[in-house]
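J.: Here it is, the structure, as structure tokens.
The values are calculated or read from the model by the stated rules, or taken from the named source; none is laboratory data. These figures come from a predicted structure and were not determined experimentally. Glycine also receives a Cβ, built like all others from the backbone with ideal geometry; neighbour counts cover every protein chain displayed. Ligands, DNA and RNA are excluded from the accessible area calculation, which covers all protein heavy atoms including side chains. Shrake-Rupley method; radii C 1.70, N 1.55, O 1.52, S 1.80 Å.
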Amino acid sequence: ANAISTMGQLSLLLCFYSVLLLASPALSLMLPAEKETIISILAEKGPFESEEDETACRELIEELTPEQLETAAKSSHAYWLTTVHNDILIDNGESESDDPPSSLNGTKIKDQFAMREARRHYIGENRNFDNALKSLQEAISYRDEYKIDLIRYIQKANNLDNTALSSDEKEIVRRYRSYVEDEFGKQVTVSGGLDKENAAVTIRFSRTNAETDPDAFMVTQLYIADRACAATEFFSRGKSEKVVAITEYGDYVSSNAPPIFTLKQSITKLQRMFPERLKKMVLTDPPFWMRALYSMLYPLLAQTTKDKISMTLGPQEKEQTLTELIDVESSLPLIQVDENWSISSDDIDIEQYLNQSMHHTHMPIIPCTP
């Protein structure tokens, strides 16, 4: 029974990390360089593979209500920032230029970023229109349920006076900040830099405490995934949408895993809200039972899935995998890698990390442009 339970946990964990396809702003005055980066992102049309895909995604967003359209577009941090800093966009429907001007047409941009969100659901549902629409609408519903916009204020939780939030919204932000601090005390997870193509690298360390508040766990997973997506969007200037997820299993203890029911709920919602986001998942020093189960499943996996997952064991394999993905010296300066290529969270200042804008990664100097 214990073996079945353990194998079931692996299946859920693999699914869980797969959906972290798996960070927005300092809400005071925006720096010129930051505004220029946002305008560059807004000028990116989106990675549509064909005119047919683009047409299908346009038809998908035409099925949405105005409120749903706005929520879909806000899956982009750059677009969401324009709703916070209203000097970036104009909304008069007059601008037709394809070049990034100093201000851009708001209605046109909203549709563009809603279509990018629709595209991820469309591809994730194997281009089945009805399934994609259902997936997109469920994702919008979850985003509204968990008030993703408020999660994006977490870094300002102790200084919300200069925001337009209501007193109730400010209280939710403070509660969310408390949730994330509590969860990070049990399991540190940070956007620890960039890969060689400017995709954010999320590093998850072993959990040290099994005690889990389901609400705190869910909000924290949303924060982690949303922050990673924001970092990728900003550092790639909107050219990339995917993230790299590294999980360090060196100190893993199965009894510290969250309850299965909590994982299941999180998986379902994260799958809906963050489709088509995983670029690569690296599991370093996974336990034997996990490697054995993966070896059994490997022949049954699609090639695209095989290409996304790497299990590395020992210094040589870890060095090869990590150096192929990441320029370790420049991209992970505050994440310590020892002589055995084990990654440590010892020097991570969680308070400092949580006070950073979500599109930043855990680096000592954060440029607004690549």
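J.: Got at least one residue in the stretch 205-219 being more than 30 Å from Gly314 (Cα to Cα) and polar (S, T, N, Q)?
T.: Within the stretch 205-219 (the criterion being more than 30 Å from Gly314 (Cα to Cα) and polar (S, T, N, Q)), the answer is yes, since at least one residue qualifies.
Conditions (1) touching a Gly at 6+ places or on another chain (Cβ under 8 Å); (2) in a helix (DSSP H, G or I); (3) modelled with pLDDT under 60; (4) surrounded by fewer than 22 Cβ atoms within 10 Å (Cβ to Cβ), marked per residue:
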{"position": "Ala3", "(1), (2), (3), (4)": "no, yes, yes, yes"}
{"position": "Met7", "(1), (2), (3), (4)": "no, yes, yes, yes"}
{"position": "Leu14", "(1), (2), (3), (4)": "no, yes, yes, yes"}
{"position": "Leu27", "(1), (2), (3), (4)": "no, no, yes, yes"}
{"position": "Thr37", "(1), (2), (3), (4)": "no, yes, no, no"}
{"position": "Glu59", "(1), (2), (3), (4)": "no, yes, no, yes"}
{"position": "Leu81", "(1), (2), (3), (4)": "no, yes, no, no"}
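J.: Being assigned by the TED database to the domain that holds Cys57, among the charged types (D, E, K, R) and open to solvent by 10 Å² or more (accessible area, probe 1.4 Å) narrows it down to one of Glu197, Glu125, so name that one.
T.: Glu125
J.: Filter the stretch 200-217 for residues that are part of a helix (DSSP H, G or I) and open to solvent by 30 Å² or more (accessible area, probe 1.4 Å); which is farthest from Val253 (Cα to Cα)?
T.: The extreme case among them is Asp215.
J.: Between a residue in the stretch 302-328 that is more than 19 Å from Arg291 (Cα to Cα) and any residue that is charged (D, E, K, R) and surrounded by 14 or more Cβ atoms within 10 Å (Cβ to Cβ), which pairs come within a Cβ distance under 8 Å, given they are 6 or more apart or on different chains?
T.: Cβ pairs passing all conditions: Leu325/Asp195; Leu325/Lys280; Ile326/Asp195.
J.: If I go through the stretch 149-168 residue by residue, how many of them are open to solvent by 70 Å² or more (accessible area, probe 1.4 Å) and either in a helix (DSSP H, G or I) or closer than 19 Å to Ala78 by Cα (or both)?
T.: Residues meeting the conditions: 3.
J.: Which ones in the stretch 174-194 are part of a helix (DSSP H, G or I) and over 16 Å from Leu222 (Cβ atoms)?
T.: Answer for the stretch 174-194, where residues must be part of a helix (DSSP H, G or I) and over 16 Å from Leu222 (Cβ atoms): Arg174, Gly185, Lys186.
J.: A further question on this structure: Being part of a helix (DSSP H, G or I) and over 26 Å from Arg116 (Cα atoms) is the requirement here; does Thr220 meet it?
T.: No; evaluated as a whole, the condition is false for this residue.
For every residue, the table says whether it meets (1) in the same structural domain as Ile38 (by the TED database); (2) open to solvent by 10 Å² or more (accessible area, probe 1.4 Å); (3) not in a loop (DSSP other than H, G, I, E, B).
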residue	(1), (2), (3)
Asp226	no, no, yes
Arg237	no, yes, no
Thr247	no, no, yes
Lys264	no, yes, yes
Pro286	no, no, no
Arg291	no, yes, yes
Tyr298	no, yes, yes
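J.: If you don't mind, there's one more thing I want to ask. With the structure loaded, tell me whether Leu20 is crowded, with 18+ Cβ neighbours inside 10 Å and modelled with pLDDT under 50 or whether it fails that test.
T.: Here the answer is yes, as Leu20 does meet what is asked.
J.: Same structure again: Could you tell me how many of the residues in the stretch 128-148 are touching a Phe, Trp or Tyr at 6+ places or on another chain (Cβ under 9 Å), of a type outside the set (Gly, Ala, Ser) and open to solvent by less than 10 Å² (accessible area, probe 1.4 Å)?
T.: Number satisfying all stated conditions: 2.
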